[in-house]
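First comes the structure, then the notes that go with it.
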Amino acid sequence: MAKRSQPKWTVPAEGDRPVLKLFNSLTRKKEKFIPKNGNNVTWYSCGPTVYDASHMGHARSYISFDILRRVLSDYFGYKILYVMNITDIDDKIIRRARQNHLYDKYLSEPRSLEDTLSDAKVVMDLFEENVKNATDPDKKVMLTNMLSSMTSSVNSLKQAVQSNDVDQIESNKILFLQAAKDPISQWLDKANGSSVTDNEIFMTLPRFWEKEFQNDMKALNVLPPDVLTRVSEYIPEIVKFIERIISNGLAYVANGSVYFNVGQYDSKKNHFYAKLVPEAYGDKNLLLEGEGDLTTEFSEKQSANDFALWKKSKSGEPSWESPWGLGRPGWHIECSAMASEVCGDSLDIHTGGVDLKFPHHDNELAQSEAYFDCENWVSYFLHTGHLTIAGCKMSKSLKNFITIQDALQKNSAAQLRLAFLLHSWKDTLDYSPNTMEMAVQYEKLLNEFFLTIKDAIRCGSGAGQGGCWLGEEAQLFNKLMTTQDLVHKALCDNIDTRSALDSIREIVSATNLYLSNKNGAPNTPGAPSAPLLERVGKYVTELLHIFGVIDGSRGGIGFPIRQNANEDFEGLVMPYLEVVASFRKAVRDSAKSTMAKEILTLCDSLRDDTLPNLGVRLEDREDRSIVKLVPKEQLLKEKEDKKKIEAEKSLEKERRKLEQLALEKAKEEQKKIPPSEMFKSELDKYSQFDDKGIPTHDNSGKEISKGQVKKLQKLQQAQEKKYNDYLKSSEPKE
């Protein structure tokens, strides 16, 4: 027999697999993601300007960036160098630090009541002028409300003075100083701001708020950056960066400041200014905003479009040595210098809020491309959408912002993240009760799903053996495969987490349906397949890990329940709880058969009162009792909600009962009315009646139609029967 040779192998057909595309602000469309260095990605993210509490606008950006970063790293497998800056030198910081310093000094100085009232009049007069001159309607409303609060506190102080109540005078004086803090601070800054010269004063404020920001990010489960840069620590590098731009002929020195020459840059063949928002070129309002709060004039600039790389420090501002004299960095140059120092001559990804596109990011691009004499410093610019509050844009200047800590008092970090995941990262997101309720309900759906399948896996439903693989198992498995494909497609499509979570919702529903159709004993054809359920549960759990909704070690199913970081609390206590649940069911079944009501009451009390206080939910089924570990607070809230619903039902039942009694009483009273009198009380409808009491004219004096008279006669005849029945029932019985 001839030797058989190796048969020919056929290459499998390559499927049409989706590839990752990201919405690139530089092209305003989705582009295939191609890092410059294989699987390695350099990513720079604009960090916060730390002068006040972090708010939900910050959360919008940094949770969104965290989700994008986790998906690129943990799902797509990219090796990311993530760099973020802290802006600790900025016009807003300088002004706020100076005002806080002067306000605190003002409070600490001894001051008579007469002086306080005199200062209050000056501050109020100046502030009233500001309110009159305000043009922005939202800002005018905010200032008007502030003025009203100040006026009220001043009037209370004057009344206390008139009554000569020492305690009331002191408390109302404090209330006024608190209500008028911003106007007083602005007044003091205008008068004495130039006297503040100590650099340390300008560093204390950002150090405090940076620490608070980092605490907030940790509370939101946002991963820390690989490299965190602060402007104050990169002054020499910033100076060198500016010097090179000058030597490249694209910046100039004027009166101790350095400005970027936009016109000269834009005229170069390989350069283009305002790549992100070309239509904003020359927008005076945006350019002024980009130069900073303390900028007062542009007379030394060669063109209004030019922007500051280095600012000559004025009195009352921090300063550092430079070849051009004492000064400080401009806002835009910090990011260019620090990102380049860490990441080199280009970035794969640059992220920031959509409000930073122009002029900040456009200026960054121009500076960096002028420095490196290149055409494309950033490959992909990703901008998160605005955050609105009940439809209104959030703004610190309007004082309508919600701090992260305030938000976390109402919702958990996981719920906030789910709210963002349920919306596109690049679109406007409205932070409202409705938005958060959607997230809360989605979290509840997931939690109940995990508890249900963990119980099905744990409590003998094919555990260890997996049950029989029948048509229903194949159907659920195929649904899982489809879900994985849909999730992959969604994440490739600009990291569309909203569509991904829609697909997760579908596999959850399919799994619940599968379990509702399975009720066989362990290792029988009717039992659910434990390995299949485990596969579904672990897939959903892993995706939530990738999104940052679930934190901690991987490998389990659902939201972890731990007493401490190193202890699997659920695995430890569940065997004991299962024994308690089984024993209780046996006792309960026995009590039912013997009608032992007291024992049944005790069993219900264990389920409804004792175990919920320990974070245990017991669900009675016909064949067994299901044990679920749920946070104690959630169970107690569910119990309270159930009581409220039952109380509302009881009240509604009582209300209907009273209505029914009132209706029956009214019917009885109606029977007592003689037919000839039944319409005469309705003077709002009728004005004249015939000798039988039938209306002949309506309340306006118009004669009633014959058809209407016939209807009234029929009603009177019906009343006559009721009245006669009443008279008979009232006759004394013999």
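The values are calculated or read from the model by the stated rules, or taken from the named source; none is laboratory data. Because the structure is a prediction, the values reported are computed rather than measured. Virtual Cβ from ideal backbone geometry, glycine too; neighbours counted across all protein chains shown. Areas reflect the complete protein model, heavy atoms only, side chains present, ligands, DNA and RNA absent. Shrake-Rupley method; radii C 1.70, N 1.55, O 1.52, S 1.80 Å.
Before moving on, here are some points about what is shown:
- Residues being polar (S, T, N, Q), open to solvent by 90 Å² or more (accessible area, probe 1.4 Å) and over 32 Å from the mean Cα position of the chain (by Cα) - total across segment 116-151: 1
- When we screen Asn172, Asn164, Asn155 for residues that are of a type in the set (S, T, N, Q), free of Cβ contacts under 8 Å to residues at least 24 places away in the same chain, open to solvent by less than 60 Å² (accessible area, probe 1.4 Å) and more than 26 Å from Glu341 (Cα to Cα), the only hit is Asn172.
- Matching option when the condition is closer than 28 Å to Leu422 by Cα and open to solvent by 30 Å² or more (accessible area, probe 1.4 Å), among Phe76, Phe65: Phe76
- Where strands (runs of 3 or more DSSP E) sit wholly within segment 180-291, those with at least 1 residues that are surrounded by fewer than 18 Cβ atoms within 10 Å (Cβ to Cβ) occupy 227-230, 251-254.
- Looking only at segment 23-40, and only at residues there that are more than 20 Å from Thr384 (Cα to Cα) and open to solvent by less than 60 Å² (accessible area, probe 1.4 Å), the one that is farthest from the chain's Cα centre (by Cα): Gly38
- Filter pass, Ser313 being crowded, with 18+ Cβ neighbours inside 10 Å, under 30 Å from Ile201 (Cβ atoms) and free of Cβ contacts under 8 Å to residues at least 24 places away in the same chain: yes
- Lys722 falls short on exactly one of the conditions (1) more than 20 Å from Lys667 (Cα to Cα); (2) of a type in the set (D, E, K, R); (3) touching a Lys or Arg at 6+ places or on another chain (Cβ under 6 Å), and that condition is (1).
- On inspection, Arg95 fails the criterion of being part of a helix (DSSP H, G or I), in contact (Cβ under 8 Å) with a residue 40 or more places away in the chain and in contact with a Phe, Trp or Tyr (Cβ under 8 Å, 6 or more places away or on another chain).
- Restricting attention to segment 434-449 and to residues that are in contact (Cβ under 8 Å) with a residue 40 or more places away in the chain and open to solvent by less than 20 Å² (accessible area, probe 1.4 Å), the residue that is farthest from Arg417 (Cα to Cα) turns out to be Phe449.
- Set Leu614, Leu602, Leu635: member being at pLDDT below 85, open to solvent by less than 90 Å² (accessible area, probe 1.4 Å) and not small (Gly, Ala, Ser): Leu635
- Residues of segment 293-339 that are under 35 Å from the mean Cα position of the chain (by Cα) and of a type in the set (S, T, N, Q): Thr295, Ser336.
- In segment 700-725, the residues that are at pLDDT 85 or above reach residues that are of a type in the set (Val, Ile, Thr) with C-beta atoms within less than 8 angstrom, at least six apart or across chains, in these pairs: Glu703/Thr696; Ile704/Thr696; Val709/Ile694; Val709/Thr696; Leu712/Ile694; Leu712/Ile704; Gln713/Ile694; Gln716/Ile694.
- Hey, Leu228 in contact (Cβ under 8 Å) with a residue 60 or more places away in the chain and within 29 Å of the chain's Cα centre (by Cα) or not: yes
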